[in-house]
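Asker: Before I ask anything, let me first share the structure, which is written out below as structure tokens.
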Amino acid sequence: MKIKGSAAYWMIFPTLLIISIVAFFPLFKTFYDSFFSFSLRPGIERRFVGLENYKNLLRDVRFVNALKNTIFFTVVSVSIETVLGLIIALIVHQKFTLRGIVRAAMLVPWAIPTAISSQMWRWMFHDQFGIMTRLWERIGIITPGTPILGRPGLAMWAIIFVDVWKTTPFMALLILAGLQVIPEDIYEAAKIDGANSIQRFFKITLPLVTPTIAVALIFRTLDALRVFDVVYIMTRGAVNTETLAVYNRHVLMDRAFTGAWFGYGSAISVFIFMLIMIFAIIYIKSLKLRLD
Amino acid sequence: MKKLATLLLVLTAIAVGFSVKITMTSGGVGKELEVLREQLKMFKQLYPDIEVEVIPMPDSATERHDLYVTYFAAGEKDPDVLMLDVIWSAEFAPFLEDLTDDYDYFELKEFLPGTIMSVTVNGRIVAIPWFTDAGLLYYRKDLLEKYGYKNPPRTWDELVEMAKKISQAEGIIGFVWQGARYEGLVCNFLEYLWSFGGEVIDEKGKVVIDSSQAVQALQFMVDLIYKHRITPEGVVTYMEEDARRVFQKGEAVFMRNWPYAWALLNSDDSPVKGKVGVAPLPLGPGGRRAATLGGWNLGINKFSSKEEKEAAKKLIKFLTSYEQQLYKAIHSGQNPTRKAAYDDPKLKEAAPFMVELLSVFVNALPRPRTANYSELSDVIQKYVHAALTRQMTAEQAIKNIARELNFLLK
């Protein structure tokens, strides 16, 4: 039986309505707010300022700095996560005893809420009784007494370390799903033709798993560009680790009722949104993804 | 019998019909929440027609602040009674019920003057002081005695000398405090600033932090870490609990912290139980000493209904009464805001330092009282932390604070 066109529209209408309310409305509201100067204090006049907020962004030293930190964090953490995720996925794709348990255990870091795991890591990086501090001292990365989260430069690497620990499993899981849909017979045919394992990896596995990696990359990059909890809990943006979202918390919350910063904060939010979009487009174009 | 039953039913109906339900926010640090629930049981006996629901809040003051911003911005009618940090009065004043006319009802003349200052915005009372806090110096009595010191240090220089000698001989840390980039850093910094004779803003609202005293004070903090080496570099990541855990493990001679630490340091499983003394923070070179005033107040949500506001007033009066403040002080170690409570022998027995150090609590200084305090605090945090991590000199940091505060408060 074929449902008529109009009936189909009516059926997806509730879904569209809900998405509009929870996703599109806040998005457009933020976009709209970013052209105004106002605060949440009652009685404050809402003034249209056009693109003023956006112009000010680039003159704001703290914003530019946060932007640099965010991009650095994203590029480094997502690269490491992708490579590690691919390696782990290839390993757990093999058949070995207890594979099921290993696959489940692998997901633990990702299953712990970030707010909790970040706090846990903050303690492990404590200069006096932190186990990671002792370990890094042993390996020779730091001299004894160095406060990892209190050193410019080092603190950002600690944050990246935690993010890699937390989200590599997610990357591995997505890539594993991609590996599982590659049919076995292609490998068998390659073997008969005399391709060795390295050739099989670069000629078969990698090209066929690339679309999955691209999707995983987009997911991770999206998350990394708006990173907040790891940074906020571990350093609160101190020693040059402030990211865009952490700076935006300050603008939107500490200045909510004073001055007229809410439009400016909205502009930062829109900027983060645009940044994510640019990254997504770069991925899609460079990896020649087909969205259909 | 049937008549009686009907009467009871009608009375219950009336009681339910006329009963008011109000909500209040509260922190849950240590035994705080448990104690509040006990107090509310007593309140229920006095006012059976008022039902109080408690909304527990996160431990961090910043997160509580952000939660309130969300409530107020949305014009929420709940919660009715709000637990407010002393630094928020001016910022949240537009959303709080004006309690100026209830000055006598709440017996505010019985309260410590510093706490009343913290709830006064442009001459109006916007909240009632619930409990008060001040920065204190904790020290190891046993270690000081062992090295021949009869008294805790009187001046910062004495503290440096004692800490150096004892920490080197014992192989432990000299002095821990709060140096992470957060509100607690501002509290610590202000204590040095004031005791060195500096100030952030004068009575006329002018920014006066750009002074040699301020530079010296900040330089002294930096020197504690890198020159005198009595404070570990890691202090730049410490909040209250980080410092307390180091001190409680017996790994430090001195600690700057709030009164709450006392009960924990003397709990049964504490390695330093009975070995800890509490003193006022030392004098600066100008012969001045200072403790930052902390503490929490109770305010009423302006958006609440008239009945809810009336009930809220009764609840606040009850919670800030002499008996209840004493109960809270004894059971959860939070300092009373009423002067008379400090003369009570029961308090002296439960928390002797509260009574002995009354002058510290009376003289504790409030942080700058301005509506954009959160922003001002952020500026101080940013640059003081940059100096402590040697990203800039003390002088550059103070210059930057002055420049940004001038811009902020103009």
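Asker: Would you give the gap between the C-alpha center of the range B:33-68 and the C-alpha center of the range B:257-284, rounded to a whole Å?
Answerer: For the range B:33-68 versus the range B:257-284, the Cα centre distance is 27 Å.
Asker: Separate question: In bins 10 Å wide, starting from 0, what share of all Cα pairs of the range B:84-175 does each bin hold, as a percent?
Answerer: Histogramming the range B:84-175 at 10 Å steps yields 14, 32, 12, 18, 20, 5 percent.
Asker: Going through the range B:189-270, which trypsin sites (Lys or Arg not before Pro) have at most 14 other Cβ atoms within 10 Å and a DSSP loop state?
Answerer: Sites meeting the loop and neighbour criteria: B:LYS204, B:LYS206, B:LYS227, B:LYS249.
Asker: Could I ask something else about it? Among rounded, prolate and oblate, which fits the range B:354-410 when a ≥ b ≥ c are the square roots of the eigenvalues of its C-alpha gyration tensor, a/c under 1.5 means rounded, and a/b larger than b/c means prolate?
Answerer: The shape class here is oblate.
Asker: Then there is this: Take chain B, drop everything but the C-alpha atoms, weight them equally and run the Debye formula without solvent; then report log10 I(q)/I(0) at 0.06, 0.08, 0.09, 0.11 Å⁻¹ to two decimals.
Answerer: Debye curve over Cα of chain B, log10 I(q)/I(0) at q = 0.06, 0.08, 0.09, 0.11 Å⁻¹: -0.27, -0.46, -0.57, -0.83.
Asker: Volume per residue, Å³, of the convex hull around the alpha-carbon atoms of the protein assembly as shown?
Answerer: 260 Å³
Asker: Please compute the Kirkwood hydrodynamic radius of the range A:197-256 from all pairs of different C-alpha atoms, in Å with one decimal.
Answerer: With all distinct Cα pairs of the range A:197-256 included, I get 14.2 Å.
Asker: Residues of the range B:211-235 with accessible area at least 40 Å² lower in the all-protein-chain context than alone (1.4 Å probe)?
Answerer: Relative to the lone chain, where solvent access is computed with a 1.4 Å probe, the range B:211-235 loses at least 40 Å² at B:GLU233.
Asker: Before I look further, what does chain A give for accessible area per residue, probe 1.4 Å, in whole square angstrom?
Answerer: 55 Å²
Asker: Sticking with this structure for a sec: Evaluate 2.2 N^0.38 Å with N set to the residue count of the range A:148-292, then give the Cα radius of gyration divided by it.
Answerer: Working it through for the range A:148-292, the quotient is 1.43.
Asker: Something else about it: Report in % the part of the accessible area of the protein assembly as shown that belongs to carbon and sulfur, leaving out ligands and nucleic acids; probe 1.4 Å.
Answerer: Result for the protein assembly as shown: 62 percent of the exposed heavy-atom area is carbon or sulfur.
Asker: Moving to a separate point now. Using a ≥ b ≥ c from the Cα gyration tensor of chain A (square roots of the eigenvalues), is it rounded, prolate or oblate, where a/c under 1.5 gives rounded and otherwise the larger of a/b and b/c decides, a/b for prolate?
Answerer: oblate
Asker: B:LYS21: which aspartates and glutamates have alpha carbons under 12 Å from its alpha carbon, excluding same-chain residues fewer than 8 sequence positions away?
Answerer: B:ASP49, B:GLU51, B:GLU53, B:ASP78, B:ASP80, B:GLU307, B:GLU308, B:GLU310
Asker: Would you look at the GNM of chain A, springs on alpha carbons closer than 10 Å, and say which of A:ILE160, A:ILE186, A:ILE268 moves the most?
Answerer: It is A:ILE186.
Asker: A further question follows. Roughly how many Å² is the accessible area per residue of the range B:222-344, as a whole number, for a 1.4 Å probe?
Answerer: Per residue, the range B:222-344 has an accessible area of 34 Å².
Asker: Could you work out, residue by residue across A:254-262, how many beta carbons of other chains sit within 10 Å of that residue's beta carbon, and then give the average as an integer?
Answerer: 6
Asker: Once the convex hull of the C-alpha atoms of the range B:188-247 is built, how many Å³ does it hold per residue, rounded to a whole number?
Answerer: 101 Å³
Asker: Which of the residues in the range B:372-408 lose at least 40 Å² of accessible area when you go from the chain alone to all protein chains together (probe 1.4 Å)?
Answerer: B:GLU375, B:ASP378, B:GLN391
Asker: Okay, next question. Which of the lysines could be linked to A:LYS68 by a straight reach, that is with a Cα gap under 30 Å, when you skip same-chain ones fewer than 8 residues away?
Answerer: Output for A:LYS68: A:LYS29, A:LYS55, A:LYS166, A:LYS285, A:LYS288, B:LYS382, B:LYS399.
Asker: Between B and A, buried accessible area summed over both sides at probe 1.4 Å, in Å² to the nearest 100?
Answerer: 2900 Å²
Asker: Quick check on the range B:125-197: take the gyration tensor over C-alpha atoms, sort the square-rooted eigenvalues as a ≥ b ≥ c, and tell me if it's rounded (a/c under 1.5), prolate or oblate.
Answerer: In terms of gyration-tensor shape, prolate.
Asker: Mind scanning B:LYS249/B:LYS348; B:LYS146/B:LYS227; B:LYS150/B:LYS227; B:LYS31/B:LYS346; B:LYS44/B:LYS328; B:LYS109/B:LYS346 and naming the pairs with a C-alpha gap bigger than 21 Å?
Answerer: B:LYS249/B:LYS348; B:LYS146/B:LYS227; B:LYS150/B:LYS227; B:LYS109/B:LYS346
The values are calculated or read from the model by the stated rules, or taken from the named source; none is laboratory data. All values reported here derive from a predicted model rather than from experimental measurement. Cβ coordinates were reconstructed from backbone atoms using ideal geometry, including for glycine residues, and neighbour counts include every protein chain displayed. Remember, those area values only see protein heavy atoms, side chains included, never the ligands or the DNA or RNA. Shrake-Rupley method; radii C 1.70, N 1.55, O 1.52, S 1.80 Å.
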